[in-house]
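Structure first, then comments.
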Amino acid sequence: MTTRSPRSADRFLAVAAALAALAAGVLAVAVAPTDAVQGQPQRLMYVHVPAAWLAYLCFAGVLVTSIAFLVRRDLRWDRVAQAAAELGVGMTALAIALGSVWGRPVWGVWWVWDPRLVTTAVLLLVYLGYLSVRGLGDDRAAGARRAAAVGIIGFANVPVVHFSVVWWRTLHQPASVLSPDPAPMDPRMAAALGVAVLAFTLAGALVVRRRLRVLAVADTAAAPPAEGDAPTGVAAEPLVVVPRSRS
Amino acid sequence: MTARADRRAPSRRALRPTYAVAMPGPRAIPLRPPSPGPAVPGGAAALRLSGVTRVHGGRPVWAPVDLLLTPGTLTVVTGPNGSGKSTLLRLAAGLLRPAAGTRACAGTALYLRGGAGLRTAQTVRAAVTGTAALAGRAQAAAAAMAALGLHPLADRTVGTLSAGERVRAALAAAVACRPAVLCLDEPTAALDERALDDLAAVLDAVRADGVALLVATHQPGVLLPLADAHLSIADGRVVRR
Amino acid sequence: MTAPVPRTAQVAAVLRREAAVERAGREALVTTAPFVAAFVVLAGLAFGPAPEDLAAAAGGTVWLALLVATVPLARTVAGTEIAEDSWDLLRGLVAPGALFAGKLLAAWAALLVTGLLAGGLVAVLFQVPVPPQALYGGLLGTLALAALTTGFGVLVASGSRRRGLLAALLLPAGLPALLAGTQLSTPGVPVLPWAVLVTVYAAAVVVAAWAVFPVLLEE
């Protein structure tokens, strides 16, 4: 009874994500107009922005589930945090790589010290550290606690990191002219972007769900139900130590 | 809590030097402490573990344990390597969170591994006083050092002490803090016979001062005659012997 | 659980103990002072010798040295205590909040001394003036770094492996201190935004580290 509904939910997610991805692909390649300034490379936006969106969503999820784990001490929350962090790190790396590929023809450089880029790169480093902390000790629960702490400290830091880099740029020189999304956006572009974000979000939910099942199995395997010769039950007798009468 | 109030009354006194172990020098002769006050079976508990266990590698280390230690008792814990003696002591000291069950302690609980616990760069005096100050009892440090015969070593660096001396220095620091429960993990390791006898005398005196002692050891011989209880961990069960 | 020792008295006792241990072993000083001195001299060689280049790199050199020095310093928070088996006694005697405050203040003091050394060396060797706002940045920036050092120092020390993770955790998290500190040490940069930023950052990091510290102590 417990196997059927998750599987059908997965199937639904997979179909929905595939349809959304197909629609996004058509919208992005065939319907949305070519950017007047940046040309074809601008179409990378339809992947780059959803990847960044999904990454931020994942990291926010890590924060929420980290707090939930520390409050409830239930490893289920920790597994969600781990799955979200893994996806988030992957999406952050993808967003940075695509941003770099996009920036090269448009800006002429692979990297600029734009606040969004720097913040995203710092996020990648923070959550790589987060994932590494999980393997620190041999104790599963201790790893989860440490990771939750890093998840909280790391995310608390994000707004300050972002503002500091924004000011680092703007207080020295005029606001960035290299801003990659000129406004206002063509409605067809906005539609393609919106559907792509939806497709990424659905696919991300699917990936997290499937990863959660793998992690749950690993946790169950690591903690077999006590049985057989395993010491269980209650102590035979309470052990009460009082001063022994001495001669 | 009333348990604390009951226990605290005599604790205001500094460690009585009446049972001082004269160290070093000729063979230390412990003076018998006065009788350990009114026995309180079923009365104030220094430590109460109710159905506690700890999970390691997905399995409970031992079956849930109900353990009640009253003040002024010495409990010896034996068992083979890996049986969970350290886990029991660290859990009793509040350093480990039980996977199941509850722990209640009427005051401070301390855990010492072997003779460690003090910073090796400090002198014995500075380390013992600094540790006692953490419990707000810096004034008790001198008496504790005297009780453990540490004055001749007071200006030595902790790192230069012998194994036996280190155990005494760490014990002095712990005793000065006036804990309700003191968990000693293998204090007998690396001690020669004479140092073992001295340790037994010291522990007897510490117990007489109202501390509940929980001592894990592979060499229980010298402690068992003094012990109020002998717990043994085998096959995942903590049993009384 | 601990005896009714007032919290401030316990913080003071932890701080006094830290000072006594440092006086006896000089671990923090030996860990950071030679490192920072070498860093500043090498930075001068890397960025100089033109005076204008050195002046431009001066603030950044001080804060990069400070930020990187937190990595070896973090070991003194809990790593050495665990190596010498004194951590359990400390945890048994001191309430988590007081332990955090004591260790934080000790790390802050160590970083302030390190910052004074790095700043002084840079001011002399790079021949740059020290704007007054640099002192505010130094005070708050090192407080934030001390909070990170305390939190991550305990986090990594209690794990048996991957001590090298400290750098991966500490350095990105210290970015705002590096930026704000550098900007506040640079003459001609607007002071107020950076002063606000370093204040908010220090408050956020101290609160976050304080909030998770008891969890890090758990075993």
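The values are calculated or read from the model by the stated rules, or taken from the named source; none is laboratory data. Everything numeric in this text was worked out from a predicted model, so none of it was measured. Every residue, glycine as well, gets a Cβ built from its backbone with ideal geometry; the counts of neighbours run over all protein chains shown. For accessibility, only protein heavy atoms count, side chains too; no ligands or nucleic acids. Shrake-Rupley method; radii C 1.70, N 1.55, O 1.52, S 1.80 Å.
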Carbon plus sulfur, as percent of the 1.4 Å-probe accessible area of chain C, comes to 73
What's the magnitude of the charge dipole for chain C around its Cα centre, counting Lys and Arg as +1 and Asp and Glu as -1 at the beta-carbon? Answer in Debye, nearest 20. 200
For the residue pair A:Trp107 and A:Asp139, what label-to-label distance in nm results when each label sits 7 Å from Cα along the Cα-to-beta-carbon direction? 4.5
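If the viscosity is 1.567 mPa s and the temperature 4 °C, what translational diffusion coefficient in µm²/s does Stokes-Einstein give for the protein assembly as shown when Rh comes from Kirkwood over Cα pairs? Display every interim value, and only then the final one.
Working: Rh = 28.5 Å.
The Stokes-Einstein estimate is 45 µm²/s.
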Using Cα-Cα distances under 8 Å and only pairs 6 or more residues apart, what relative contact order does the range B:80-213 have, in percent? 31
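Please compute how much accessible surface disappears when A pairs with C, both sides summed, using a 1.4 Å probe, and round it to the nearest 100 Å².
It comes to approximately 2700 Å² buried between A and C.
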Sorting C:Arg23, B:Arg125, A:Arg146 on solvent-accessible surface, 1.4 Å probe, most exposed first, gives C:Arg23, B:Arg125, A:Arg146
Cβ-based net charge around C:Phe213, under 13 Å, with every Lys or Arg adding one and every Asp or Glu removing one: +3
Taking a probe of 1.4 angstrom, what is the accessible area of A:Arg213 in Å², to the nearest 10? 70
Search the structure for amide H atoms under 5 Å from the amide H of B:His56, placed 1.01 Å from N in the peptide plane, and list their residues when 5 or more places away or on another chain. B:Val61
Give the shape of the range B:103-159 as rounded, prolate or oblate, defined through the alpha-carbon gyration tensor: a ≥ b ≥ c are the square roots of its eigenvalues, a/c under 1.5 means rounded, and otherwise the shape is prolate if a/b is larger than b/c and oblate if not. prolate
Give me the inter-chain shielding for B:134-145: mean count of other chain Cβ atoms within 10 Å, whole number please. 3
In sequence order, calculated HN-Hα J values of the range B:101-107 (Karplus, 6.51, -1.76, 1.60; Hz; x Gly/Pro): x, 10, 10, 9, 9, 8, x
Whole-number percent relative contact order across the range B:118-179, with pairs defined as alpha carbons under 8 Å at least 6 apart: 48
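Counting only heavy atoms of protein chains, what accessible area per residue, in Å², does chain C have with a probe of 1.4 Å? Kindly include the intermediate steps, with their values, before the conclusion.
Numbers: 8260 Å² over 219 residues.
Here the residues of chain C average 38 Å² of exposed surface.
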Averaged per residue, what accessible surface does the range B:118-179 expose to a 1.4 Å probe, in Å²? 27
Give the calculated FRET efficiency between C:Leu135 and A:Val214 to the nearest 0.05, with a Förster radius of 45 Å applied to their Cβ-Cβ distance. 0.25
So if R0 is 22 Å, what FRET efficiency would B:Ala100 and B:Arg240 give, r being the distance between their Cβ atoms, rounded to the nearest 0.05? 0.60
So how much accessible surface do C and B hide from each other in total, probe 1.4 Å, in square angstrom to the nearest 100? 2600
For A:Cys58, the accessible surface traced by a 1.4 Å probe with all protein chains present amounts, in square angstrom to the nearest 10, to 10
Shielding score for C:21-32, defined as the mean number of other chain Cβ atoms within 10 Å: 3
Evaluate 2.2 N^0.38 Å with N set to the residue count of the range C:7-217, then give the Cα radius of gyration divided by it. 1.02
Inter-probe distance in nm under a simple model that places probes 7 Å from Cα toward Cβ, at A:Arg72 and C:Ala37: 5.5
For the range B:126-186, shape from the Cα gyration tensor axes a ≥ b ≥ c, cut at a/c of 1.5 then a/b versus b/c, turns out oblate
If the chain between C:Glu218 and C:Asp53 were fully extended at 0.36 nm per residue, the gain over the current Cα-Cα distance would be 54.5 nm
Would you tally the net charge around A:Val89, using a Cβ to Cβ cut-off of less than 14 Å, leaving A:Val89 out, and scoring K and R as +1, D and E as -1? +1
For a Förster distance of 45 Å, can you work out the FRET efficiency between the beta-carbons of A:Thr201 and C:Val191, rounded to the nearest 0.05? 0.60
Checking rank on C:37-43, A:214-220, B:127-133, A:151-157, with mean other Cβ inside 10 Å and highest first, the result is B:127-133, A:151-157, C:37-43, A:214-220
At a 1.4 Å probe, which residues in the range A:147-163 are at least 10 Å² less accessible with all protein chains present than in their chain isolated? A:Ala149, A:Val150, A:Ile152, A:Ile153, A:Ala156, A:Asn157, A:Val160, A:Val161
Percent relative contact order for chain C, counting Cα pairs under 8 Å at least six residues apart, stands at 27
Return the percentage of antiparallel bridges among DSSP beta bridges fully within the protein assembly as shown, rounded to the nearest 5 %. 45
Amide H neighbours of B:Thr73 under 5 Å, counting only residues 5+ apart in sequence or on other chains, H built in-plane at 1.01 Å? B:Ala212, B:Leu213
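What average count of beta carbons from other chains do you get within 10 Å of the Cβ of residues in B:111-123?
6
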Can you give the Rg and Dmax of the range A:1-50 based on its C-alpha atoms, in angstrom? 16.3, 56
Which value in deg cm²/dmol, rounded to the nearest 500, describes the helix-derived mean residue ellipticity at 222 nm for the protein assembly as shown, given -39,500 (n - 2.57) per DSSP H run of n ≥ 4 and division by the residue count? -20000 deg cm²/dmol
Treat each spin label as a single point 7 Å out from the Cα along the C-beta direction, and report the A:Val26 to C:Leu125 distance in nm. 6.6
